[in-house]
Amino acid sequence: MPLTWTISHFDKMIEARAAGIVRFPDVIAFLDAVRAEGALAYRKLFDARQANSEFDERDLATYAGAANGYGSVEPLGPIALVVGPRGVPQNEALF
């Protein structure tokens with residue numbers, strides 16, 4: 001699974017990590033799971049330094065629509081996204 005996460009209801013915080021190739025259905029599964037836990041409004045720290053995505057323009061437009069839909073139901077909460085340099089091979093150390 002390219003996306004893993006933990007939800008702390010006590011801290012109202014989600015820590016997520018992406019590794020490998022992340023596809024659009026992976027992101028939708030993450031959003032659905034967070035929504036099912038009632039955690040959309042929680043703070044999110046998303047570490048994507050070890051990941052690459054295979055999103056095309058259609059996927060991005062669909063994601064924007066989904067996020068807008070979720071946001072119209074309840075607040076989405078802040079997100080911090082940590083990314084690595086573009087083009088770094090996945091097995092190469094970033095530090």
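Suppose we filter Ile28, Ile21 for residues that are modelled with pLDDT of 85 or more and either in a strand (DSSP E or B) or of a type in the set (D, E, K, R) (or both); which single one remains? Before you say what the answer is, go through the steps one by one.
Working: Ile28 fails: either in a strand (DSSP E or B) or of a type in the set (D, E, K, R) (or both).
After applying the criteria, what remains is Ile21.
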Yes/no for Leu40 being under 18 Å from Ile79 (Cα atoms), out of contact with any Cys (no Cβ under 6 Å at 6 or more places or on another chain) and in a loop (DSSP other than H, G, I, E, B): yes
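Quick check on segment 8-33: of everything there that is out of contact with any Phe, Trp or Tyr (no Cβ under 9 Å at 6 or more places or on another chain) and not aromatic (Phe, Trp, Tyr), which residue is surrounded by the most Cβ atoms within 10 Å (Cβ to Cβ)? Write out each step before concluding.
From segment 8-33, those out of contact with any Phe, Trp or Tyr (no Cβ under 9 Å at 6 or more places or on another chain) are 10, 19-21, 25-26, 29, 32; that's our starting set.
Subset that is not aromatic (Phe, Trp, Tyr): 19-21, 25-26, 29, 32.
Numbers: Ala19: 16, Gly20: 13, Ile21: 12, Pro25: 9, Asp26: 18, Ala29: 13, Asp32: 12.
This residue is Asp26.
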Index of the failed condition, Gln50 passing every other in (1) in a strand (DSSP E or B); (2) closer than 11 Å to Leu3 by Cβ; (3) not hydroxyl-bearing (Ser, Thr, Tyr): (2)
Answer residue from segment 44-68, given it is acidic (Asp, Glu) and surrounded by 15 or more Cβ atoms within 10 Å (Cβ to Cβ) and is farthest from His9 (Cα to Cα) among those: Asp59
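The values are calculated or read from the model by the stated rules, or taken from the named source; none is laboratory data. Since this is a predicted model, take the numbers as computed values, not measurements. Backbone-built Cβ (ideal geometry, glycine too); neighbour counts: all protein chains shown.
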